[in-house]
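K.L.:
Let me give you the structure first, and then I'll get to my questions.
The values are calculated or read from the model by the stated rules, or taken from the named source; none is laboratory data. Please read these numbers as outputs of a predicted model, since none were measured by experiment. Because the Cβ atoms are built from the backbone with ideal geometry, glycine has one as well, and the counts that use them run over all protein chains shown.
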């Protein structure tokens, strides 16, 4: 149970994955990475940008993915990423729009930590005439499921009104608006998805997750250990 015993309600979810600039790899004649282990290989040196897990939620999700994948050996994995030239950005915006080759800012890196649902955004926000398919894709292995919740604060001045807000967030109209306003999936089952999502949002068959209680108990130590490995 990841709802704190029913105290919070899921509103939306998304899978944090490495995104790939398909055109860059095709132009270079290099096969794109398919797994977390691939990212530490020499052929992908200086190609990956990630977000700082201390300042970015997708950055934190990627760190948790590596912990879920490698267990106690996760610092060794990050040591190999650092040796392979991984760049750490402070935020998703800095990473995606500033460093990613397909992020609109002419960045130098064709691999970025983003979402499985980022490729549809490349079409929605493209200038007319819009492309028929995105130039990016998501690596569907090594992704971490990120769920966003809403709840009523203990001691809230207006708990009845707060509950109405939570109910509104779960209403059919709001949930239907989630995909194209937040580029994540709605939590309400049966919510229709826009065609750009059904066509181009990557399906992650086995997203990684950790027990929230384990994360809460260990996160400060994990962030400190990550900082030591990365020299931050």
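K.L.:
Does any residue of the range 157-178 turn out to be over 27 Å from residue 39 (Cβ atoms), under 19 Å from the mean Cα position of the chain (by Cα) and assigned to a helix (DSSP H, G or I)?
P.N.:
Yes, there is a match, as at least one residue in the range 157-178 is over 27 Å from residue 39 (Cβ atoms), under 19 Å from the mean Cα position of the chain (by Cα) and assigned to a helix (DSSP H, G or I).
K.L.:
Could you pull out the residue among 149, 96, 70, 77 that is farther than 25 Å from residue 13 by Cα and either outside any loop (DSSP other than H, G, I, E, B) or at pLDDT below 95 (or both)?
P.N.:
Only one candidate passes the filter, namely 77.
K.L.:
Might you check whether a residue that is without any contact (Cβ under 8 Å) to a residue 24 or more places away in the chain and assigned to a helix (DSSP H, G or I) occurs anywhere in the range 18-26?
P.N.:
Yes; the residues of the range 18-26 include at least one that is without any contact (Cβ under 8 Å) to a residue 24 or more places away in the chain and assigned to a helix (DSSP H, G or I).
Every residue, every condition in (1) under 13 Å from the mean Cα position of the chain (by Cα); (2) buried (at least 22 other Cβ atoms within 10 Å of the Cβ); (3) closer than 21 Å to residue 30 by Cα, yes or no:
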| site | (1), (2), (3) |
| --- | --- |
| 73 | no, no, no |
| 77 | no, no, no |
| 80 | no, no, yes |
| 83 | no, no, yes |
| 102 | no, yes, yes |
| 119 | yes, yes, yes |
| 131 | no, no, no |
| 142 | yes, yes, yes |
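K.L.:
Out of the residues in the range 40-56 that are within 23 Å of residue 183 (Cβ to Cβ) and either at pLDDT below 95 or surrounded by 15 or more Cβ atoms within 10 Å (Cβ to Cβ) (or both), which is farthest from the chain's Cα centre (by Cα)?
P.N.:
Ranking the qualifying residues of the range 40-56, first place goes to 48.
K.L.:
Would you point out which residue out of 210, 170 is touching a residue at least 40 places away in the same chain (Cβ under 8 Å), closer than 30 Å to residue 84 by Cα and surrounded by 11 or more Cβ atoms within 10 Å (Cβ to Cβ)?
P.N.:
210
K.L.:
Follow-up. Select from the range 216-232 the residues that are in contact with a helix residue (DSSP H, G or I) (Cβ under 9 Å, 6 or more places away or on another chain) and over 14 Å from residue 71 (Cβ atoms) and write down the one among them that is surrounded by the most Cβ atoms within 10 Å (Cβ to Cβ).
P.N.:
Restricting to residues being in contact with a helix residue (DSSP H, G or I) (Cβ under 9 Å, 6 or more places away or on another chain) and over 14 Å from residue 71 (Cβ atoms), the top hit is 226.
K.L.:
Another question, then. Kindly establish whether residue 62 is at pLDDT 95 or above and under 16 Å from residue 140 (Cα atoms).
P.N.:
Values: at pLDDT 95 or above: yes; under 16 Å from residue 140 (Cα atoms): yes.
Yes; evaluated as a whole, the condition is true for this residue.
K.L.:
Among (1) surrounded by fewer than 18 Cβ atoms within 10 Å (Cβ to Cβ); (2) part of a helix (DSSP H, G or I), there is one condition residue 106 misses while meeting the rest; what is its number?
P.N.:
With (1) surrounded by fewer than 18 Cβ atoms within 10 Å (Cβ to Cβ); (2) part of a helix (DSSP H, G or I) applied to residue 106, the lone miss is (2).
K.L.:
Also, I was wondering about something else. Considering only residues of the range 179-193 that are without any contact (Cβ under 8 Å) to a residue 40 or more places away in the chain and not in a helix (DSSP H, G or I), which is nearest to residue 147 (Cα to Cα)?
P.N.:
By that ranking, first place goes to 188.
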